[in-house]
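Novice: Please read through the structure below; I'll follow up with questions.
The values are calculated or read from the model by the stated rules, or taken from the named source; none is laboratory data. None of the values given here were measured: they were computed from a predicted structure. We place every Cβ from the backbone using ideal geometry, glycine too, and count neighbours over all the protein chains shown.
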Amino acid sequence: MNGYQLRTVKKKEQIMKATFDLIRKYGAEKTSIAEISKHARVSPVSIYNYFGSKEELIRMTFIDYMSNIMNEYEKLLDKPIPFQEKLELLLGARMNSMDQINSDLIQISDEPSVQEHIEAFYKERTIPFFVKLIEQGKQEGFIDPEISIEAALFYIQVFKEALAQPGFITQASPTMLRDIDRLFYYGLIGKAEHSGTESGY
């Protein structure tokens, strides 16, 4: 990647970060290209050149957010720490990521073009992430080795489809979402002898 390409990537990242921060604070409708331009320190012309429209910029910002969150999860997964500690860190990161987005950003995920990306992302990055997580859990004795990858992926798919129901995420309380996440992650453990750990699971 040459200098021009690096500058282009950096500018796009600045624009998407500014867009994300402003939408979190003011909502999509009240966030203008002029305001994004000011916060990103780029010209409105550059924004239109890179993204074409405000709508496309918001879509790309959501997609970039998904990628950044998965990057964080993957780094946690590769940490040389005990599986139980890793699971708690993943739960914390998941809760933090949910706290960062508002209803405007969540609603973007219902758009057909974004749904296509989410499905591709699920196959290319989410499934490999969970396969690796499950394998690590088995190696450290936290996940029953007799549970097949196929069964675990079916379990993950059930949660994915339930959470994808229109309006579910925006209507569910933060407490309920936290409880669902804990049920999801600790349900994967599937071993009765871990029910007496300090976390209560």
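Novice: In the set I108, I81, which member is out of contact with any Leu (no Cβ under 6 Å at 6 or more places or on another chain) and surrounded by 14 or more Cβ atoms within 10 Å (Cβ to Cβ)? Quick ask: steps written out before the conclusion?
Specialist: Details: I81 fails: surrounded by 14 or more Cβ atoms within 10 Å (Cβ to Cβ).
The match here is I108.
Novice: Continuing with this model, one more query. Considering only the range 1-81, give the helices (runs of 4 or more DSSP H) lying wholly within it that have at least 2 residues that are under 22 Å from I118 (Cα atoms). If you could, list the steps in order and put the result at the bottom.
Specialist: Working: elements: 3-26, 33-40, 44-51, 54-77.
Counting at least 2 such residues, we get 3-26, 44-51, 54-77.
Novice: When you look at F51, is it more than 17 Å from I106 (Cβ to Cβ) and out of contact with any strand residue (DSSP E or B) (no Cβ under 9 Å at 6 or more places or on another chain), yes or no?
Specialist: Yes, satisfied.
Conditions (1) more than 30 Å from E150 (Cα to Cα); (2) at pLDDT below 95; (3) acidic (D, E); (4) surrounded by fewer than 16 Cβ atoms within 10 Å (Cβ to Cβ), marked per residue:
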| site | (1), (2), (3), (4) |
| --- | --- |
| Y48 | yes, no, no, yes |
| M66 | no, yes, no, no |
| E74 | no, no, yes, yes |
| A93 | no, yes, no, yes |
| N96 | no, yes, no, yes |
| N102 | yes, yes, no, yes |
| E116 | no, yes, yes, yes |
